[in-house]
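The values are calculated or read from the model by the stated rules, or taken from the named source; none is laboratory data. The structure presented is a predicted model; accordingly, all values stated were derived computationally and were not measured. Virtual Cβ from ideal backbone geometry, glycine too; neighbours counted across all protein chains shown.
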Amino acid sequence: QQKSWFLERTPCGYHDSDRIESNLRAAGFSDLRIETVKLPGLLRNPLDAATGLCQGSPMRAEIEALEPAGLDAATRDAAAAVARRCGDGPRTTPLLALVIEAHKEG
């Protein structure tokens, strides 16, 4: 089974504030401020979450490249995995964002 790299390549995968700070400093930025913002999210049901990831993101192309007719099965499998981890019904889920400010001379 091949691993999808989509989540590691996206802004969601670029979340290590130390790495971000190091990259910004290497690019010549200074006066850095990284703030973590936490908000509640709503997971209505596992299928909605799985559909969003599998069909509403670039992950769809990865799934279809691995198995051209496999999108529905992958979505169902992802929904089952979400249900095992989070349950079947609606629930709140934590969301986290990094707000980054930096200054660069010139």
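Which numbered condition trips up Met59, out of (1) surrounded by 12 or more Cβ atoms within 10 Å (Cβ to Cβ); (2) modelled with pLDDT of 90 or more? Of the numbered conditions (1) surrounded by 12 or more Cβ atoms within 10 Å (Cβ to Cβ); (2) modelled with pLDDT of 90 or more, the odd one out for Met59 is (2). The residues in segment 14-55 that are surrounded by 10 or more Cβ atoms within 10 Å (Cβ to Cβ) and part of a loop (DSSP other than H, G, I, E, B) can be counted, and the count is 7.
Remark: pairs (first residue in segment 13-29, touching a residue at least 40 places away in the same chain (Cβ under 8 Å); second residue assigned to a helix (DSSP H, G or I) and not β-branched (Val, Ile, Thr); Cβ separation under 6 Å; 6+ apart in sequence or on different chains) are absent.
Taking the numbered list (1) surrounded by 10 or more Cβ atoms within 10 Å (Cβ to Cβ); (2) modelled with pLDDT under 95 in turn, Pro68 passes all entries but (1). Considering segment 71-106, and only residues there that are at pLDDT 90 or above and of a type in the set (Ser, Thr, Tyr), the residue that is nearest to Ala49 (Cα to Cα) turns out to be Thr75.
Of all the listed residues (Leu71, Leu7), the sole one being among the hydrophobic types (A, V, I, L, M, F, W, C) and touching a Lys or Arg at 6+ places or on another chain (Cβ under 8 Å) is Leu71.
Kindly evaluate Glu105 against the criterion of being part of a loop (DSSP other than H, G, I, E, B) and either touching a helix residue (DSSP H, G or I) at 6+ places or on another chain (Cβ under 6 Å) or under 30 Å from Arg25 (Cα atoms) (or both). Yes, satisfied. Scanning segment 87-102 for residues that are over 19 Å from Asp18 (Cβ atoms), assigned to a strand (DSSP E or B) and charged (D, E, K, R) returns a single hit, Arg91.
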